[in-house]
1. From other protein chains only, count the Cβ atoms within 10 Å of every residue's Cβ in A:89-102, then give the mean.
2. Treating each Cα of the protein assembly as shown as an identical point scatterer and ignoring solvent, apply the Debye formula and state log10 I(q)/I(0) at q = 0.07, 0.08, 0.10 Å⁻¹.
3. Nearest 10 degrees, 0 to 90: what angle lies between the long axis of helix A:140-153 and the longest principal axis of chain A (Cα atoms)?
4. For B:26, A:258, what ranking results if the residue with the fewest other Cβ atoms within 10 Å of its Cβ goes first?
5. Tell me, rounded to the nearest percent, the portion of alpha carbon pairs in chain A spaced more than 24 Å apart.
6. If you line up the long axis of helix A:96-106 against the longest principal axis of chain A, both from Cα atoms, how many degrees apart are they, to the nearest 10?
7. Could you state the principal axis extents of the C-alpha atoms in segment B:1-90, from the largest down, to the nearest angstrom?
8. With each run of n ≥ 4 DSSP H residues scored as -39500 (n - 2.57), what mean residue ellipticity at 222 nm is computed for the protein assembly as shown after dividing by its residue count and rounding to the nearest 500 deg cm²/dmol?
């Protein structure tokens, strides 16, 4: 991954809607060949940023540069971006081939090249021989792959994806993530991905931007975001997190960082409220003096535990936040 | 009756009243008219003379051509206007377009006769337009009354709202992401229209055309109040045969002819609907 010059530079971007919603103070450099994910709950502004990158909305302030060229006020058709939408991506009255060829024809690509490039692209998408099919003859996952292919054929500087897998079944969604990672690595494309699914963000991204009410709450690799969340908001949004109050501070720790002792050697104590088996590990809910916390323990350790038992526990890793942070 | 038997007959019992009404008031009169149109008045024998009259008599020929001319112009102008209007209503988010969307429906709430008189008051040679001209010292006389121009104007007035409604519904069915993805790959407005919007909506536009066509072949109120003495639209010619000459055989023949003209567009409509394209089939 090159890090020298950013592929996309977003500076002081703001888009404020008449009702006051929108995004503010967005500063972000997107590097060539990375998958960066905008993650947040609905209404946090992640799609707004993506649509601003694609040119589908006019920004209120700030600037966007792609490949060092300012594109802030260019319409979508003049930007080197490719967009994949949540659904209804493909033009239903055109075959796969016509869908893929449309943009190339607009660019006056010779017919022979178009045919060859479509064949190559379908090969990469693992959908060879589907040229003559109509979108409604393909499954949802196949349609999204064709939509990705259609964008990639035009060799965009950056591929924008707006929750592209959220309309798919859970199983297909997993496959599509892997497919996207493979394609991205094969072609070394730059991807901006929007999702509200933290698991999707963690598994796909090189970097994640966690959004909170129109602002960037934290930018970092999945590991950084998971291990060192910058605020309690990020901590509670990504993965599971327990919170304990201590004076003016909040202690935060992951359920997997709790170790339970039955011999009374732990620093803190509590009573087991419930034990839930979740496959190779179990989720244990512990009632402490003033709150309940959750602990994940390996399955074999649950043999010694039972509901109603008084135990003690230690915290292996601990984060502290000022109140209100 | 056993419950088994009752179950079997229930659908027939439920549909019987409406079936009866249809047979009595639709099927029977149609068959009767068709039968009568081939009947000699005196002898009651088979004849083609009534059809011959309408197809060879110069006056009746000009009536048919006059009607077709008015209907085709009405269809064409209505289609263009309502398509443009529907495009504007669908793709402009402005407040004006919302107001226009509501105004579009207004003519549907005005009784036909009232509307015709209102328009006559505006366009006749001593009408509102003429008076406005006099204010600026001009003598504006449109000359639209008692010929096809007034009738076409009135037909457009009546048909644009409905036609727009159909086309607008069709355009609303086109997902925004279809348009946006076309923009994204670099299509201009014209290219988006030609390659996306038109192919996805022309069938419904054809439906609007068919309805406009059929609705105007037999129109009566407008040509009765705004048309001249000759040529006449077929609706008026039919009225003459039925009410003035009381020639029921000729009236029947003319009815069948009008029905045939209407069915021309019905054929187009049915054909385009039967010819379901590959992409429209559900997988």
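1. Average neighbour count from other chains, rounded to a whole number: 4.
2. -0.71, -0.83, -1.02
3. In chain A, helix A:140-153 runs at an angle near 60 degrees to the longest axis.
4. B:26, A:258
5. Percentage above 24 Å: 62.
6. The two axes meet at around 60 degrees.
7. Rounded to whole Å, the extents work out to 64, 61, 12 Å.
8. When only DSSP H runs of four or more count, the value is -15000 deg cm²/dmol.
Readers should treat all values here as calculations from the given coordinates under stated rules, not as data from a laboratory. In this text the structure is predicted, and so the values were computed from the model without any measurement. When we count neighbours, we look across all protein chains shown, and the Cβ atoms used for this are built from the backbone with ideal geometry, even at glycine.
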